[in-house]
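These notes are about the structure you will find just below.
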Amino acid sequence: MPFSLIPDRVMDCYGDLTPAYLQEKGVTLLLSDLDFTLAAKSTRRPDQPLRDWIAELKEAGIDFMIVSNNRSGKRVTEFCADLGVGYQGHAGKPSTRGLEAAMAKAGRDRAHTAMLGDKLLTDMLAANRAGVLALMVEPVGGAVTLWQKVLHALQAPFKAVCRRRMGKEA
Ligand SMILES: [Mg+2]
């Protein structure tokens, strides 16, 4: 379903995504959004739980790269360098170009790639258009501003469809 907004899986946080699940799905490249997916936007350095999670993925043979629409490159490049992971900036999600560039850099195809993110209209739409596994998390820190609350409410029905489908799979 290339234009679908429905994610393949919804989780509370990135830590709920395990190497075992990705291996079961045949994923060897995990692409991820940064802001509100892995850390709050104000966070300048990756914390220890995030470092540990990335280390677990690497141990399981899963490559990891951040694909961000962020234009103020310094914070993101420093964050990624500190974390020891690759970075594809100016991704233009929901365009697929950032995801495709990241897959080309990593030498993987869509069948072995997943995209993790917190927003339907950018991260999940880009994932579905690119034909990769679409994995969604609730935003780090929750919805705080009015706009975030509105967005959260608009996303809820799509996440509910996904959770129902996940329930049927289980
Ligand atoms: Mg985000």
Quiz item: Which of the peptides 30-36, 75-81 is most tightly packed, and how do the rest follow, judged by the mean count of other Cβ atoms within 10 Å per residue?
Solution: 30-36, 75-81
Practice problem: Could you calculate the contour length gain from residue 148 to residue 42, that is, 0.36 nm times the residue separation minus the distance between their Cα atoms, to one decimal place in nm? | Solution: 36.6 nm
Quiz item: Is the range 82-170 best put as rounded, prolate or oblate by its Cα gyration tensor, with a ≥ b ≥ c the root eigenvalues, rounded for a/c under 1.5, and otherwise prolate when a/b is larger than b/c, oblate when not?
Solution: oblate
Exercise. With a point put 7 Å past each Cα toward its Cβ, work out how far residue 52 is from residue 12 in nm, to one decimal.
Key: 1.6
Quiz prompt | Antiparallel %, DSSP beta bridges [both residues in the chain], to 5 | solution = 0
Practice problem: Starting from the amide H of residue 11, placed 1.01 Å from N in the peptide plane, find each other amide H under 5 Å away whose residue is 5 or more places distant or on another chain. | Solution: 136, 137, 138
Quiz prompt | Cα→Cβ-extended label distance, 7 Å offset, between residue 20 and residue 77, nm | solution = 4.0
Self-check item: Theoretical gain in end-to-end length, residue 111 to residue 4 [0.36 nm per residue, Cα-Cα removed]
Solution: 36.8 nm
Quiz prompt | Entries of 105/159; 105/149; 25/74; 58/149; 25/168 with Cα pairs more than 29 Å apart | solution = 105/159; 105/149; 25/74; 58/149
Self-check item: 222 nm mean residue ellipticity, helices alone, for the chain (DSSP H n ≥ 4; -39,500 (n - 2.57); rounded to 500)
Solution: -12500 deg cm²/dmol
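Any read-out appearing in this document is the output of simple, stated calculations on the displayed coordinates, not a laboratory observation. These figures come from a predicted structure and were not determined experimentally. As a convention, Cβ positions derive from the backbone with ideal geometry for all residues, glycine included, and neighbour counts pool all protein chains shown.
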